[in-house]
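Just below is one structure, and these are the notes that go with it.
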Amino acid sequence: MTLFRFRLLFLTTSTLALMWPIMALETRPASPLIGVKSAPIKSTFQNISGQDPAPILMYHYIRDTEKRTDLLGQKLSTSPKNFDAQLSWLKNHGYETVAPNFLLTPHAIMGKPIILTFDDGYRDAFTGALPLLKKYNMTATFYVIVNSLGKPIYLTWDEIKIMKASGMNIASHTLHHPPLATLSTQKIDWELSESKRELDKRLNQNTIDFAYPYGSYDRRVVESAKKAGYQTAVTVMTGVASEKNNMLELPRLRVSDNTNFEELLKVSPSVIPAKAGIQY
(Lines give C-alpha, C1' and ligand atoms only; values in the text may rest on other atoms or scores of the structure.)
Protein backbone atom coordinates (compact mmCIF):
# COMPACT_ATOMS: atom_id res chain seq x y z
CA MET A 1 0.00 0.00 0.00
CA THR A 2 1.25 3.45 -0.86
CA LEU A 3 2.55 5.42 2.07
CA PHE A 4 1.60 9.05 2.27
CA ARG A 5 4.00 11.83 3.24
CA PHE A 6 2.50 15.02 4.55
CA ARG A 7 4.45 18.22 3.99
CA LEU A 8 4.24 21.69 5.37
CA LEU A 9 3.96 24.38 2.71
CA PHE A 10 4.28 27.90 4.10
CA LEU A 11 2.33 26.95 7.21
CA THR A 12 3.17 27.72 10.81
CA THR A 13 2.69 25.07 13.45
CA SER A 14 -0.31 26.88 14.91
CA THR A 15 -1.92 27.28 11.49
CA LEU A 16 -1.43 23.60 10.75
CA ALA A 17 -2.98 22.58 14.05
CA LEU A 18 -6.12 24.51 13.15
CA MET A 19 -6.31 23.34 9.55
CA TRP A 20 -5.36 19.69 9.75
CA PRO A 21 -8.59 18.21 11.13
CA ILE A 22 -10.53 19.95 8.36
CA MET A 23 -8.01 18.82 5.73
CA ALA A 24 -8.23 15.23 6.94
CA LEU A 25 -12.01 15.36 6.78
CA GLU A 26 -12.50 17.23 3.54
CA THR A 27 -9.88 15.57 1.34
CA ARG A 28 -11.15 12.04 1.93
CA PRO A 29 -13.96 10.59 -0.20
CA ALA A 30 -17.27 11.98 1.03
CA SER A 31 -18.68 8.49 1.58
CA PRO A 32 -17.46 4.93 1.10
CA LEU A 33 -20.88 4.20 -0.39
CA ILE A 34 -21.15 6.59 -3.31
CA GLY A 35 -20.66 4.79 -6.61
CA VAL A 36 -19.84 1.47 -4.92
CA LYS A 37 -21.49 -1.59 -6.41
CA SER A 38 -20.38 -4.56 -4.40
CA ALA A 39 -21.85 -7.69 -2.91
CA PRO A 40 -22.92 -7.65 0.74
CA ILE A 41 -20.36 -9.03 3.13
CA LYS A 42 -20.63 -12.70 3.98
CA SER A 43 -22.99 -13.87 6.69
CA THR A 44 -20.53 -16.31 8.27
CA PHE A 45 -17.57 -14.74 10.05
CA GLN A 46 -16.62 -17.43 12.54
CA ASN A 47 -13.50 -18.37 10.59
CA ILE A 48 -11.70 -15.38 9.13
CA SER A 49 -10.00 -16.48 5.94
CA GLY A 50 -8.51 -13.20 4.75
CA GLN A 51 -11.42 -12.72 2.37
CA ASP A 52 -13.86 -11.85 5.16
CA PRO A 53 -13.89 -8.30 6.52
CA ALA A 54 -13.59 -7.07 10.09
CA PRO A 55 -14.85 -3.49 9.78
CA ILE A 56 -13.17 -0.90 12.00
CA LEU A 57 -15.54 1.94 12.83
CA MET A 58 -14.10 5.36 13.68
CA TYR A 59 -15.75 7.64 16.25
CA HIS A 60 -14.59 10.78 18.05
CA TYR A 61 -17.29 12.35 20.24
CA ILE A 62 -20.49 10.86 21.68
CA ARG A 63 -22.42 14.07 22.33
CA ASP A 64 -25.12 16.38 21.07
CA THR A 65 -23.90 19.35 19.03
CA GLU A 66 -25.28 22.64 17.80
CA LYS A 67 -25.43 21.85 14.09
CA ARG A 68 -25.55 25.43 12.86
CA THR A 69 -22.58 26.74 14.83
CA ASP A 70 -20.25 23.74 15.17
CA LEU A 71 -19.85 22.26 11.70
CA LEU A 72 -16.54 20.47 12.38
CA GLY A 73 -17.80 19.19 15.72
CA GLN A 74 -20.93 17.91 14.00
CA LYS A 75 -18.85 15.86 11.56
CA LEU A 76 -16.89 14.34 14.43
CA SER A 77 -19.86 13.71 16.72
CA THR A 78 -22.53 11.08 17.19
CA SER A 79 -25.37 11.83 19.58
CA PRO A 80 -25.94 9.43 22.50
CA LYS A 81 -29.40 8.65 21.08
CA ASN A 82 -28.01 7.66 17.69
CA PHE A 83 -25.06 5.80 19.20
CA ASP A 84 -27.55 3.75 21.23
CA ALA A 85 -29.46 2.99 18.04
CA GLN A 86 -26.27 2.04 16.19
CA LEU A 87 -25.19 -0.40 18.92
CA SER A 88 -28.68 -1.88 18.96
CA TRP A 89 -28.51 -2.38 15.19
CA LEU A 90 -25.13 -4.12 15.47
CA LYS A 91 -26.39 -6.38 18.26
CA ASN A 92 -29.57 -7.27 16.37
CA HIS A 93 -27.58 -8.08 13.22
CA GLY A 94 -25.23 -10.50 14.92
CA TYR A 95 -22.08 -8.40 15.28
CA GLU A 96 -19.59 -9.07 18.06
CA THR A 97 -17.09 -6.41 19.11
CA VAL A 98 -13.41 -7.34 19.13
CA ALA A 99 -10.13 -5.46 19.56
CA PRO A 100 -7.75 -4.69 16.66
CA ASN A 101 -5.49 -7.57 17.71
CA PHE A 102 -8.23 -9.92 16.47
CA LEU A 103 -6.77 -9.31 13.02
CA LEU A 104 -3.39 -10.60 14.18
CA THR A 105 -4.75 -14.02 15.10
CA PRO A 106 -8.29 -14.45 13.74
CA HIS A 107 -10.20 -17.06 15.70
CA ALA A 108 -13.69 -18.47 16.06
CA ILE A 109 -16.22 -16.15 17.68
CA MET A 110 -19.97 -16.39 18.08
CA GLY A 111 -20.87 -13.41 15.90
CA LYS A 112 -19.59 -11.26 13.06
CA PRO A 113 -16.48 -9.32 14.11
CA ILE A 114 -16.53 -5.56 14.26
CA ILE A 115 -14.02 -3.17 15.85
CA LEU A 116 -15.25 0.07 17.42
CA THR A 117 -12.61 2.78 17.83
CA PHE A 118 -12.64 6.23 19.42
CA ASP A 119 -9.93 8.81 18.75
CA ASP A 120 -8.46 11.42 21.11
CA GLY A 121 -9.79 10.36 24.53
CA TYR A 122 -12.55 12.91 25.10
CA ARG A 123 -14.39 12.73 28.41
CA ASP A 124 -17.69 11.83 26.74
CA ALA A 125 -16.08 8.46 26.02
CA PHE A 126 -16.66 7.87 29.74
CA THR A 127 -19.94 9.72 30.23
CA GLY A 128 -21.55 8.95 26.86
CA ALA A 129 -19.99 5.91 25.18
CA LEU A 130 -19.13 3.66 28.12
CA PRO A 131 -22.64 3.32 29.63
CA LEU A 132 -24.09 2.41 26.24
CA LEU A 133 -21.32 -0.05 25.43
CA LYS A 134 -21.94 -1.75 28.77
CA LYS A 135 -25.70 -1.75 28.09
CA TYR A 136 -25.13 -3.91 24.99
CA ASN A 137 -22.22 -5.89 26.46
CA MET A 138 -19.86 -4.46 23.84
CA THR A 139 -16.29 -3.25 23.95
CA ALA A 140 -14.28 -0.61 22.08
CA THR A 141 -10.73 0.63 21.60
CA PHE A 142 -9.98 4.15 22.82
CA TYR A 143 -6.92 5.89 21.34
CA VAL A 144 -5.92 8.53 23.89
CA ILE A 145 -3.66 11.59 23.63
CA VAL A 146 -1.58 10.82 26.69
CA ASN A 147 -0.46 14.33 27.68
CA SER A 148 -4.02 15.67 27.34
CA LEU A 149 -5.42 13.27 29.94
CA GLY A 150 -6.76 15.14 32.94
CA LYS A 151 -7.22 18.39 31.01
CA PRO A 152 -10.67 19.93 30.40
CA ILE A 153 -12.86 17.89 27.98
CA TYR A 154 -10.45 14.91 28.15
CA LEU A 155 -10.55 11.70 30.17
CA THR A 156 -8.78 11.40 33.50
CA TRP A 157 -6.50 8.52 34.43
CA ASP A 158 -9.05 7.33 36.99
CA GLU A 159 -11.76 7.23 34.31
CA ILE A 160 -9.47 5.34 31.96
CA LYS A 161 -8.76 2.76 34.66
CA ILE A 162 -12.49 2.26 35.17
CA MET A 163 -12.95 1.85 31.41
CA LYS A 164 -10.17 -0.71 31.25
CA ALA A 165 -11.69 -2.62 34.17
CA SER A 166 -14.96 -2.64 32.19
CA GLY A 167 -13.25 -4.46 29.31
CA MET A 168 -12.32 -1.50 27.12
CA ASN A 169 -9.02 -1.48 25.22
CA ILE A 170 -6.91 1.63 25.93
CA ALA A 171 -4.44 2.47 23.15
CA SER A 172 -2.06 5.24 22.11
CA HIS A 173 -2.71 8.36 20.02
CA THR A 174 0.75 9.84 20.84
CA LEU A 175 1.71 12.27 23.60
CA HIS A 176 0.64 15.55 21.95
CA HIS A 177 -1.33 14.63 18.78
CA PRO A 178 1.07 16.11 16.18
CA PRO A 179 0.96 15.35 12.43
CA LEU A 180 3.75 12.80 12.69
CA ALA A 181 4.97 12.87 9.09
CA THR A 182 5.99 16.52 9.53
CA LEU A 183 8.32 15.76 12.47
CA SER A 184 11.93 14.69 12.66
CA THR A 185 12.56 10.99 13.10
CA GLN A 186 13.77 11.64 16.65
CA LYS A 187 10.54 13.43 17.59
CA ILE A 188 8.44 10.71 15.95
CA ASP A 189 10.21 8.06 18.02
CA TRP A 190 9.64 10.09 21.19
CA GLU A 191 5.91 10.60 20.59
CA LEU A 192 5.32 6.91 19.91
CA SER A 193 7.62 5.31 22.46
CA GLU A 194 6.90 7.65 25.37
CA SER A 195 3.12 7.49 24.98
CA LYS A 196 3.35 3.70 24.99
CA ARG A 197 5.68 3.72 27.99
CA GLU A 198 3.32 5.94 30.00
CA LEU A 199 0.26 3.82 29.18
CA ASP A 200 2.14 0.62 29.97
CA LYS A 201 3.28 1.98 33.34
CA ARG A 202 0.02 3.61 34.45
CA LEU A 203 -2.29 0.83 33.29
CA ASN A 204 0.01 -2.15 33.88
CA GLN A 205 -0.40 -3.36 30.31
CA ASN A 206 1.46 -3.91 27.06
CA THR A 207 0.03 -1.29 24.70
CA ILE A 208 0.11 -2.71 21.17
CA ASP A 209 -2.50 -0.59 19.35
CA PHE A 210 -1.93 2.88 17.86
CA ALA A 211 -3.75 5.52 15.79
CA TYR A 212 -1.96 8.07 13.58
CA PRO A 213 -3.07 11.63 14.50
CA TYR A 214 -4.83 13.24 11.53
CA GLY A 215 -3.92 10.10 9.54
CA SER A 216 -0.45 11.63 9.06
CA TYR A 217 2.23 9.02 8.48
CA ASP A 218 5.02 7.99 6.14
CA ARG A 219 7.56 5.18 6.02
CA ARG A 220 9.54 6.61 8.94
CA VAL A 221 6.41 6.74 11.10
CA VAL A 222 5.47 3.13 10.30
CA GLU A 223 9.01 2.00 11.13
CA SER A 224 8.90 3.97 14.38
CA ALA A 225 5.58 2.34 15.32
CA LYS A 226 7.08 -1.08 14.70
CA LYS A 227 10.21 -0.23 16.67
CA ALA A 228 8.18 1.09 19.61
CA GLY A 229 6.38 -2.25 19.86
CA TYR A 230 2.99 -1.50 18.34
CA GLN A 231 1.42 -4.42 16.49
CA THR A 232 -1.57 -2.63 14.93
CA ALA A 233 -2.11 0.95 13.77
CA VAL A 234 -5.20 2.54 12.27
CA THR A 235 -5.39 5.28 9.66
CA VAL A 236 -8.16 7.58 8.40
CA MET A 237 -8.13 5.80 5.05
CA THR A 238 -11.51 4.45 3.99
CA GLY A 239 -11.90 0.71 3.67
CA VAL A 240 -12.80 -2.51 5.44
CA ALA A 241 -9.94 -4.22 7.25
CA SER A 242 -9.01 -7.88 7.00
CA GLU A 243 -6.04 -9.99 8.01
CA LYS A 244 -4.53 -9.34 4.57
CA ASN A 245 -3.96 -5.66 5.40
CA ASN A 246 -0.64 -4.33 6.61
CA MET A 247 -1.37 -4.35 10.36
CA LEU A 248 0.26 -0.92 10.72
CA GLU A 249 -1.92 0.65 7.99
CA LEU A 250 -5.44 -0.49 8.81
CA PRO A 251 -8.31 1.36 7.11
CA ARG A 252 -11.47 2.41 8.91
CA LEU A 253 -15.05 3.49 8.23
CA ARG A 254 -15.96 6.91 9.58
CA VAL A 255 -19.21 7.06 11.56
CA SER A 256 -21.26 10.22 12.07
CA ASP A 257 -24.65 11.09 13.45
CA ASN A 258 -26.48 10.21 10.25
CA THR A 259 -24.57 7.05 9.25
CA ASN A 260 -26.76 4.30 7.79
CA PHE A 261 -25.18 1.11 9.12
CA GLU A 262 -27.08 -1.14 6.75
CA GLU A 263 -25.47 0.66 3.81
CA LEU A 264 -22.08 1.27 5.45
CA LEU A 265 -21.49 -2.39 6.24
CA LYS A 266 -22.31 -3.55 2.74
CA VAL A 267 -19.00 -2.11 1.53
CA SER A 268 -16.82 -4.84 0.03
CA PRO A 269 -13.50 -5.52 1.79
CA SER A 270 -11.80 -5.05 -1.58
CA VAL A 271 -12.87 -1.40 -1.72
CA ILE A 272 -9.93 0.65 -0.43
CA PRO A 273 -10.29 4.04 -2.19
CA ALA A 274 -8.76 5.97 0.67
CA LYS A 275 -6.85 9.06 -0.24
CA ALA A 276 -6.56 11.04 2.97
CA GLY A 277 -4.82 14.32 3.59
CA ILE A 278 -2.16 15.88 1.35
CA GLN A 279 -0.16 13.49 -0.80
CA TYR A 280 3.25 13.83 -2.45
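Quick notes on this structure:
Let's see how each residue does on (1) on the phi < 0 side of the Ramachandran plot; (2) surrounded by 19 or more Cβ atoms within 10 Å (Cβ to Cβ); (3) assigned to a strand (DSSP E or B):
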| position | (1), (2), (3) |
| --- | --- |
| ARG220 | yes, no, no |
| VAL234 | yes, yes, yes |
| MET237 | yes, yes, yes |
| LEU248 | yes, yes, no |
| LEU253 | yes, yes, yes |
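- Residues of the range 117-135 that are surrounded by 15 or more Cβ atoms within 10 Å (Cβ to Cβ), more than 17 Å from SER242 (Cβ to Cβ) and of a type outside the set (D, E, K, R): PHE118, GLY121, TYR122, ALA125, PHE126, GLY128, ALA129, LEU130, LEU132, LEU133.
- Pick from the range 214-245, criterion modelled with pLDDT of 95 or more and polar (S, T, N, Q), ranking: nearest to TRP190 (Cα to Cα): SER224
- Scanning the range 120-151 for residues that are hydroxyl-bearing (Ser, Thr, Tyr) and either farther than 26 Å from SER193 by Cα or at pLDDT below 95 (or both) yields THR127, TYR136.
- Positions within the range 199-233 being without any contact (Cβ under 8 Å) to a residue 24 or more places away in the chain and within 11 Å of LEU248 (Cα to Cα), in sequence order: GLU223, LYS226
- Checking each residue in the range 174-206 for being under 18 Å from GLY150 (Cβ atoms) and either within 18 Å of the chain's Cα centre (by Cα) or of a type in the set (Lys, Arg) (or both) picks out THR174, LEU175, HIS176, HIS177, SER195, ARG197, LEU199, LYS201, ARG202.
- Selection from the range 153-197 of residues that are out of contact with any Phe, Trp or Tyr (no Cβ under 8 Å at 6 or more places or on another chain) and charged (D, E, K, R): ASP158, LYS161, LYS164, LYS187, ASP189, GLU191, GLU194, ARG197
The values are calculated or read from the model by the stated rules, or taken from the named source; none is laboratory data. None of the values given here were measured: they were computed from a predicted structure. No Cβ is skipped: glycine too gets one built from the backbone with ideal geometry, and neighbour counts run over all protein chains shown.
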